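Chemist: I have a structure I would like to understand better, so I am pasting it below and will then ask my questions one at a time.
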Amino acid sequence: MSNIISTLQNAVAQAVGQIYSEATDPAKVQINTTPPDFTGDYSVVVFPFVKIAKKAPDAAAAEIGDYLQKNVPEVKSFNVVKGFLNLEISDVYWQNFLQSVVTNPGFGRQPRNGRKVMVEYSSPNTNKPLHLGHIRNILLGWSCAQILEAVGCEVVKTQIVNDRGVAICKSMLSWEKWGDGKTPESAGIKPDHFVGDWYVLFEQKSKEAYEAWQQSDEAKRIFETNKKANQAEKEFFREFKNKWFNEHSALGAEVREMLLKWEAHEPATMALWNKMNNWVYEGFEQTYKDLGVSFDRLYHESDTYLLGKDIVEEGLAKGVFFKKDDGSVWVDLTDAGYDQKVVLRADGTSVYITQDLGTAQMRHKELGCERYVYVVADEQNYHFQVLFEILRRLGEPYAKGLHHLSYGLVELPTGRMKTREGTVVDADDLVAEVIRLAAEQASERGEIEGVSPQEKQENLRKVGMGALKFFIVKVHPKRKMIFNPEESVDLQGQTGPYIQYSYVRINGLMQRVEKENVDVSKAGAYTGIQTQEKELLVALHDFPNVIQKAAEEYDPSLIANFCYDLAKKYHRFWHDLSIFNADTAEAKAFRLQLSRSVGQVLKSGMELLGIEMPNRM
């Protein structure tokens, strides 16, 4: 059936044309949901037409309202308040709308539109397990992929695994020096956690070595020779740490030697690299399974890090890049508000931007997408601004379709996490914690009767994961956030379990309908729709628009907040109006069908966020 908003926009434009002989673009007619304190379903902003009408806002609103009531069957009545035209929609329209939702499980979703989009997310390093920061990245990427599919796009979900470089060599060297042949199996540790422990140990050993070196005569000489005026020794050595690791540290020298062996494909180094990476991949797969996410394509930095050199040569020929006297190649982006950026070192080796240029080109040749969405933390904002600008200057055909879905840092109530210090909260531990908290709360409320241990555990998993996912995605991506596990499982707040409880309540109603064989065919004869029912109908009507806007803005929080608002409205409806004991059979049938539609849309909306609905709570 037609969208009431577009119907009203066209009707208002027609009214203005008929009454004031002035053409108006329907798309520019502003129509909002009428505030709760006023009578009506939708409000027309009349102020843009005051100049055309040459009348006061109230008078113009009354004329337009009168036209709509006479000429638009969907408009039941109108009232004017301070220049706003409030319209009440007919019961017949809402009856037809409700029937269209009940009979359409895919309500809100659009057919395929021929547009193809890539969404890249997760992109972990193979020297540590996934952590809370990765969870936000993964859930944003997965949700956006589901939302884009819901508006008709073909979506390719990808990740690029950072499986080479200094950090990976640190965990490899650590295991080689101190591992004594241990394996994840022999240690009884999840494989990615096992590898991550060796990375943390390396950093601890390096820190100890640096602290000891600072007491040496060499360190004291370097401090006296290179310190800034009045610079304290502590501050100097904090700034000198990387230079020490690269030029003075024995461990640093061993790491660099291992990286050179890897780049030369030395057999023993490659065997160690493959073994430890495979351990990590095994662990990653389990975490992804627990989070309910997957990928269509996998890329590895070990395969892509040499890409881009040919692009640099082409860019030099086009005059996009320039070469300095030392042989390094640069791009000057100062006219775009950036700076000069190196794209190839003097020794001919690639930098990250070079690799990303090559990867972007390779993926476009493979996938042929219209849009490419990179889900990466806002710490890399500048990197992607530069990358996209270079690709535009190179004239790449896909450059206009590049988008960086930048998101803010996620912390715990205790503060920021640091991998090197071993203070990161691993994704697996967080998953286990929210499920434990869900079980704890369920126990406090009382055990669910008549449920097998397996079903009980499955429901607890859905509630715990729903709590985790909803708490993450309900926040606008660009905002920093604090994740509080205890708050996330609260049944009373803006949480996943609150919404799941609404669904469970509706699911119980539907089971009773089936059990008692309740006749809902009289729903269409119900008249006198109540305010609480109207609130739900208006909210349901907006669901397709919310999905569309979330897709356009790459913002799953719009879906999350819609689901919460819909659940809140349903709780008010449940509290204020009787359903099974309604005054008439028509009211009972209508309210049951309305409940069914709300449950259907809640489930559909939460699925877009990767959240499953439990049958019992």
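Chemist: Would you check if GLU607 is acidic (Asp, Glu) and either at pLDDT 95 or above or within 30 Å of HIS404 (Cα to Cα) (or both)? First the steps, then the outcome.
Modeler: Working: acidic (Asp, Glu): yes; either at pLDDT 95 or above or within 30 Å of HIS404 (Cα to Cα) (or both): yes.
Criteria met by GLU607.
Chemist: I'd like to verify a number: residues in region 1-46 that are surrounded by 16 or more Cβ atoms within 10 Å (Cβ to Cβ), touching a Phe, Trp or Tyr at 6+ places or on another chain (Cβ under 9 Å) and over 24 Å from PHE543 (Cβ atoms), how many?
Modeler: Counting residues in region 1-46 that are surrounded by 16 or more Cβ atoms within 10 Å (Cβ to Cβ), touching a Phe, Trp or Tyr at 6+ places or on another chain (Cβ under 9 Å) and over 24 Å from PHE543 (Cβ atoms) gives 7.
Chemist: Sticking with this one: Within the set of pairs 6+ apart or on separate chains, which have a first residue in region 376-401 that is at positive phi, a second that is buried (at least 17 other Cβ atoms within 10 Å of the Cβ) and of a type in the set (A, V, I, L, M, F, W, C), and C-beta atoms under 9 Å apart?
Modeler: Qualifying pairs under 9 Å: GLY395/VAL320.
Chemist: If I ask for residues that are among the aliphatic types (A, V, I, L, M) and outside any loop (DSSP other than H, G, I, E, B), which ones from region 211-253 would you list? Outline the logic, then answer.
Modeler: Our first condition is that a residue be among the aliphatic types (A, V, I, L, M); within region 211-253, this holds for 212, 219, 222, 229, 232, 250-251, 253.
Hits for region 211-253 are ALA212, ALA219, ILE222, ALA250, LEU251, ALA253.
Chemist: Looking at region 402-423, can you tell me whether even one residue there is over 23 Å from the mean Cα position of the chain (by Cα), outside any helix (DSSP H, G or I), at positive phi and modelled with pLDDT under 85?
Modeler: Just the residues of region 402-423 that are over 23 Å from the mean Cα position of the chain (by Cα), to begin with: 414, 420-423.
Retained after the next criterion (residues that are outside any helix (DSSP H, G or I)): 414, 420-423.
Then drop every residue that is not at positive phi, which leaves 422.
Of the ones still in play, those that are also modelled with pLDDT under 85 are 422.
Yes, region 402-423 has at least one match.
Chemist: Of the conditions (1) surrounded by 15 or more Cβ atoms within 10 Å (Cβ to Cβ); (2) without any contact (Cβ under 8 Å) to a residue 40 or more places away in the chain, ASN517 fails just one. Which one is it?
Modeler: (1)
Chemist: Could you list all residues from region 173-193 that are outside any helix (DSSP H, G or I) and either in contact with a Phe, Trp or Tyr (Cβ under 6 Å, 6 or more places away or on another chain) or among the hydrophobic types (A, V, I, L, M, F, W, C) (or both)?
Modeler: Residues of region 173-193 that are outside any helix (DSSP H, G or I), as a first pass: 179-183, 188-190.
The one that is outside any helix (DSSP H, G or I) and either in contact with a Phe, Trp or Tyr (Cβ under 6 Å, 6 or more places away or on another chain) or among the hydrophobic types (A, V, I, L, M, F, W, C) (or both): ILE189.
Chemist: Which numbered condition in (1) closer than 26 Å to GLY152 by Cα; (2) modelled with pLDDT under 95; (3) β-branched (Val, Ile, Thr) is the only one that VAL376 fails?
Modeler: If we test VAL376 against (1) closer than 26 Å to GLY152 by Cα; (2) modelled with pLDDT under 95; (3) β-branched (Val, Ile, Thr), just (2) comes out false.
Chemist: For residues that are among the basic types (Lys, Arg) and modelled with pLDDT of 95 or more, scanning just region 116-161, find the one that is nearest to the chain's Cα centre (by Cα). Reasoning before the result, please.
Modeler: Let us first name the residues in region 116-161 that are among the basic types (Lys, Arg), namely 116, 128, 136, 157.
From the residues that got through so far, the ones that are modelled with pLDDT of 95 or more too are 116, 136, 157.
Details: LYS116: 19, ARG136: 7, LYS157: 13 Å.
Here the residue is ARG136.
Chemist: When you check LYS568 against the structure, is it farther than 20 Å from GLN593 by Cα, surrounded by fewer than 21 Cβ atoms within 10 Å (Cβ to Cβ) and not polar (S, T, N, Q), yes or no?
Modeler: On the way: farther than 20 Å from GLN593 by Cα: no; surrounded by fewer than 21 Cβ atoms within 10 Å (Cβ to Cβ): yes; not polar (S, T, N, Q): yes.
No, not satisfied.
Conditions tested, residue by residue: (1) of a type in the set (S, T, N, Q); (2) surrounded by fewer than 20 Cβ atoms within 10 Å (Cβ to Cβ).
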| position | (1), (2) |
| --- | --- |
| ILE52 | no, yes |
| ALA62 | no, yes |
| GLY65 | no, no |
| ASN79 | yes, yes |
| VAL92 | no, yes |
| GLN95 | yes, yes |
| GLY106 | no, yes |
| ASN113 | yes, yes |
| VAL117 | no, no |
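Chemist: Let me ask you something else. Could you check ASP296 against (1) surrounded by fewer than 16 Cβ atoms within 10 Å (Cβ to Cβ); (2) within 28 Å of LEU260 (Cα to Cα) and say which number it fails?
Modeler: Against the list (1) surrounded by fewer than 16 Cβ atoms within 10 Å (Cβ to Cβ); (2) within 28 Å of LEU260 (Cα to Cα), ASP296 comes up short only on (2).
Chemist: A further question on this structure: When PHE284 is evaluated against the numbered criteria (1) under 26 Å from SER122 (Cβ atoms); (2) in contact (Cβ under 8 Å) with a residue 40 or more places away in the chain; (3) not assigned by TED's automatic domain parsing to the domain that holds PRO191, which criterion, by number, is the only one it fails?
Modeler: So PHE284 meets the others, but not (3).
Per-residue answers, yes or no, for (1) assigned to a helix (DSSP H, G or I); (2) of a type in the set (Lys, Arg):
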site	(1), (2)
ASP429	yes, no
ILE435	yes, no
ALA438	yes, no
SER443	yes, no
VAL451	no, no
GLN457	yes, no
ARG461	yes, yes
MET465	yes, no
LYS469	yes, yes
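Chemist: Which of the residues belonging to region 299-356 are β-branched (Val, Ile, Thr) and loosely packed, with under 12 Cβ neighbours inside 10 Å? Write out each step before concluding.
Modeler: Applying the first criterion (β-branched (Val, Ile, Thr)) to region 299-356 yields 304, 311-312, 320, 329, 331, 334, 342-343, 349, 351, 353-354.
Answer for region 299-356, where residues must be β-branched (Val, Ile, Thr) and loosely packed, with under 12 Cβ neighbours inside 10 Å: just THR334.
Chemist: Which strands (runs of 3 or more DSSP E) sit wholly inside region 39-98 and have at least 2 residues that are without any contact (Cβ under 8 Å) to a residue 60 or more places away in the chain and under 37 Å from the mean Cα position of the chain (by Cα)? Talk me through it step by step, then tell me what you get.
Modeler: Working: elements: 42-45, 75-81, 84-89.
By residue number, 42-45, 84-89.
Chemist: Name the residue that is nearest to VAL431 (Cα to Cα), counting only residues in region 126-153 that are among the small types (Gly, Ala, Ser) and surrounded by fewer than 24 Cβ atoms within 10 Å (Cβ to Cβ).
Modeler: Taking region 126-153 first, the residues among the small types (Gly, Ala, Ser) are 133, 141, 143, 145, 150, 152.
Within this subset, residues satisfying the condition of being surrounded by fewer than 24 Cβ atoms within 10 Å (Cβ to Cβ) are 133, 150, 152.
Details: GLY133: 13, ALA150: 27, GLY152: 32 Å.
Out of the qualifying residues, it is GLY133.
Chemist: Looking at this structure, is GLN511 outside any loop (DSSP other than H, G, I, E, B), over 17 Å from the mean Cα position of the chain (by Cα) and over 21 Å from ALA432 (Cα atoms)? Give the steps one after another, and end with the answer.
Modeler: Numbers: outside any loop (DSSP other than H, G, I, E, B): yes; over 17 Å from the mean Cα position of the chain (by Cα): yes; over 21 Å from ALA432 (Cα atoms): yes.
So GLN511 fits the description; yes.
To keep it simple, each residue is scored yes or no on (1) part of a helix (DSSP H, G or I); (2) more than 28 Å from the chain's Cα centre (by Cα); (3) at pLDDT below 95.
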position	(1), (2), (3)
GLY524	yes, yes, yes
LEU537	yes, no, no
ASP542	yes, no, no
ASP555	no, no, no
TYR564	yes, no, no
VAL598	yes, no, no
PRO614	no, no, yes
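Chemist: For residues that are outside any strand (DSSP E or B), in contact (Cβ under 8 Å) with a residue 12 or more places away in the chain and either in contact with a helix residue (DSSP H, G or I) (Cβ under 8 Å, 6 or more places away or on another chain) or not polar (S, T, N, Q) (or both), tally how many sit in region 15-35. First the steps, then the outcome.
Modeler: Keep residues of region 15-35 that are outside any strand (DSSP E or B), which gives 15-30, 34-35.
Going one step further and asking which of them are in contact (Cβ under 8 Å) with a residue 12 or more places away in the chain, we end up with 15-16, 18-20, 22, 24-30, 34.
Filter once more, keeping what is either in contact with a helix residue (DSSP H, G or I) (Cβ under 8 Å, 6 or more places away or on another chain) or not polar (S, T, N, Q) (or both): 15-16, 18-20, 22, 24-30.
Counting residues in region 15-35 that are outside any strand (DSSP E or B), in contact (Cβ under 8 Å) with a residue 12 or more places away in the chain and either in contact with a helix residue (DSSP H, G or I) (Cβ under 8 Å, 6 or more places away or on another chain) or not polar (S, T, N, Q) (or both) gives 13.
Chemist: Something else: Residues of region 471-492 being more than 20 Å from ALA439 (Cα to Cα) and not in a helix (DSSP H, G or I), which ones?
Modeler: Selection gives LYS474, VAL475, HIS476, PRO477, LYS478, ARG479, LYS480, MET481, ILE482.
Chemist: Taking GLU88 and the conditions (1) out of contact with any strand residue (DSSP E or B) (no Cβ under 6 Å at 6 or more places or on another chain); (2) modelled with pLDDT of 95 or more, which numbered condition does it fall short on, given that it satisfies the others?
Modeler: (1)
Chemist: Still on this structure, please answer the following. If you check GLU208 against the conditions, is it more than 30 Å from ARG297 (Cα to Cα), touching a residue at least 60 places away in the same chain (Cβ under 8 Å) and in a helix (DSSP H, G or I)?
Modeler: Values: more than 30 Å from ARG297 (Cα to Cα): yes; touching a residue at least 60 places away in the same chain (Cβ under 8 Å): no; in a helix (DSSP H, G or I): yes.
So GLU208 fails the test.
Chemist: Which strands (runs of 3 or more DSSP E) sit wholly inside region 286-398 and have at least 1 residues that are of a type in the set (Phe, Trp, Tyr)? Give the steps one after another, and end with the answer.
Modeler: Details: elements: 297-300, 329-332, 340-344, 371-377.
Answer list for region 286-398: 297-300, 329-332, 371-377.
Chemist: Something else: Test THR359 against the criterion of being at pLDDT 95 or above, touching a strand residue (DSSP E or B) at 6+ places or on another chain (Cβ under 8 Å) and either aliphatic (A, V, I, L, M) or under 30 Å from HIS476 (Cα atoms) (or both), and give yes or no. Please lay out each step first, then the result.
Modeler: On the way: at pLDDT 95 or above: yes; touching a strand residue (DSSP E or B) at 6+ places or on another chain (Cβ under 8 Å): yes; either aliphatic (A, V, I, L, M) or under 30 Å from HIS476 (Cα atoms) (or both): yes.
Answer is yes for this residue.
The values are calculated or read from the model by the stated rules, or taken from the named source; none is laboratory data. Please read all numbers here as calculations on a predicted model, not as lab measurements. Every residue, glycine among them, receives a Cβ derived from its backbone with ideal geometry; neighbour counts consider all protein chains shown.
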